[in-house]
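Please treat every number below as a calculation from the coordinates, not as lab data. Every value quoted in this text rests on a predicted model; they were computed, and no experiment measured them. Because the Cβ atoms are built from the backbone with ideal geometry, glycine has one as well, and the counts that use them run over all protein chains shown.
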Amino acid sequence: MTEVLNKLKGEILKDPALILDDPEVMRALLNSGDRAKGKNVVDLRGAFVLRLEERLNTLEDTHHTVIAAAYENLAGTNQIHRAILALLDADTFDEFLQAMQKNVTGILAVDVIHLCLESDKADGGKAIGPDGPLKETVIALPVTGVSAYITGGRNRAARSVTLRTASEAKDAVFGPNNNVQSEAVLRLDLGSHLPGLIAFGSSDPNRFGPDQGTELLSFFAQILERILRRWVA
């Protein structure tokens, strides 16, 4: 037994971290002195160690949360960058719309993307895209229709990015018989042209929500504005 203890002692002395880094062993060593205490003795050392252990656990949980958020933000940044690159390759308005429908929907994991433009010449809700399969991708809204859709008709400023459960007026943007349950709506300043919006629709009711960050989509909206001004401004 003495030989075993000496060997164990030697291993610990060579690398004390074996004991110090093991919370269960340290807790057992600290508790081993409880039997020697009198009933009227308050173990401040034990209370102090317990408090430190609780703080360490809290710090570790916070650390894991921060790391997870950083990875999520990095993944979102990569998605937006890929979407932007796909759109920058477009040389014409038709190619831009094709990239939105074929590439960006997949990159951003949404079901549908529609560009909506205010117009004083077309009825609200009318498809005004290029003739052919892309016609339904561009929808006309009445003058002031962009703000009305974003705010739900309320008397308040329209935010540049709105994430929410799908609006009751969603058919005006996504067309009839759509399955959109949540949406991201990006307001677009198109210079001399009437304002517009890009609407991302998802059948997942939790895909977009007001508690999510909007910084990346706000940046994406600014890029879209600069691209679209070449054709619609």
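Note on D15 and E215: the model spin-label points, each 7 Å out from Cα along the C-beta direction, lie 4.1 nm apart. For the stretch 80-180, applying the loop criterion from DSSP together with a ceiling of 15 other beta carbons within 10 Å to the trypsin sites (Lys or Arg not before Pro) yields K121, K126, R154, R156, R159. Bridging of K7 to aspartates and glutamates at a Cα separation below 15 Å is possible for D15, once same-chain residues fewer than 8 apart are set aside. Under 10 °C and 1.306 mPa s, how fast does the stretch 81-150 diffuse according to Stokes-Einstein, given a Kirkwood radius computed over C-alpha pairs? Answer in µm²/s, whole number. Diffusion coefficient, whole number: 124 µm²/s. I128 sits among other residues whose Cβ lies under 14 Å from its own Cβ, and their net charge, with Lys and Arg +1 and Asp and Glu -1, is -3. Computed from the C-alpha gyration tensor, the three semi-axes of the ellipsoid equivalent to the stretch 91-232 are 20, 18, 16 Å, from longest to shortest.
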